[in-house]
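Peer 1: Mind looking over this structure? Questions follow.
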Amino acid sequence: MKLFFNNASPFVRKVRVFARETGLDKNIEETTTAVSPVQDNASLGQANPLQKIPALLLDDGSALFDSPVICEYLDSLHAGRKLFPAAGPARWTALKLQATGDGILDAGVLCRYEMAFRPKEFQWSGWLDGQKKKWHGGLDYLEREAGALDGEPTIGGITVACALGWLDFRYGDDNWRNGRPKLAAWFEKFAARPSMKATMPSA
Ligand code: GSF
């Protein structure tokens, strides 16, 4: 399997952490891929028509995207404890945590694109503030529901941890830990896992 990846992408990090937690990382070759919302990347487009990473090229030539789909596929490949719980309350909790982490990232990534790619004269602070409100809403929700993150890792915890790690990486000044002590304490423990330490973001 070949993973289109770069070290700055939090969605790719989800897949890399997931692969390490399930012992599948040795089966995945990584190919460095630059992405931009305003530049064509035809070779990535063959694997993912949306031209986003992560995309996973399988040995039969087919490809999977996006991060939730790739992670669920990886979960089908190993015989250990499943990180996507089977149908029932635990599954909905894990999926909702995943959706919250992904949503925080979607909002944060859109803000970065606004600032990095849109010409300054067209940037709109009201729009940036609106996205920031979304990611802060997600963080407040996680603080209220922090108990749901306890226990063995699931796709929910992995996603939330990658989102928080990315906020540290890109928006350190925003200080997401302020007023969110339970989430901060949970993250400190989770971030010490070898899978997280081996996948620290870098530019
Ligand atoms: C989001 C992937 C994404 O935005 C997923 O895989 O879960 N829902 C998808 N990837 C970004 C890179 S990153 O910030 O992780 C990407 O590929 N952006 C390129 C673009 O053209 O938007």
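Peer 1: Quick check on my filter: what residues within the stretch 65-87 are more than 16 Å from the ligand (Cβ to nearest atom), small (Gly, Ala, Ser) and either under 26 Å from Ile53 (Cβ atoms) or modelled with pLDDT of 95 or more (or both)?
Peer 2: Taking the stretch 65-87 first, the residues more than 16 Å from the ligand (Cβ to nearest atom) are 76-82, 85-87.
Within this subset, residues satisfying the condition of being small (Gly, Ala, Ser) are 76, 79-80, 86-87.
Within the stretch 65-87, Ser76, Ala79, Gly80, Ala86 qualify.
Peer 1: Are any residues in the stretch 19-64 closer than 19 Å to Asp102 by Cα, within 12 Å of the ligand (Cβ to nearest atom) and in contact (Cβ under 8 Å) with a residue 12 or more places away in the chain, and if so, which ones?
Peer 2: Result: Val35, Ser36, Pro37, Asn48, Leu50, Gln51, Lys52, Ile53, Pro54, Ala55, Leu56.
Peer 1: Right, here's the next one. How do the pairs read when you match residues in the stretch 123-135 that are closer than 15 Å to Asp102 by Cα with residues anywhere that are part of a helix (DSSP H, G or I) and open to solvent by less than 50 Å² (accessible area, probe 1.4 Å), using Cβ under 7 Å and keeping only pairs 6 or more apart or on different chains?
Peer 2: As it stands, the answer is Gln131/Ala107; Gln131/Cys111; Lys132/Cys111; Lys134/Gly103; Lys134/Ala107; Trp135/Ile104; Trp135/Ala107; Trp135/Gly108, since those pairs meet every condition given.
The values are calculated or read from the model by the stated rules, or taken from the named source; none is laboratory data. Just so you know, these numbers come straight off a predicted model, no measurement behind them. Methodologically, a virtual Cβ is constructed for each residue, glycine included, from the backbone with ideal geometry; neighbour enumeration extends over all protein chains shown. SASA here: full protein model, heavy atoms, side chains in, ligands and nucleic acids out. Shrake-Rupley method; radii C 1.70, N 1.55, O 1.52, S 1.80 Å.
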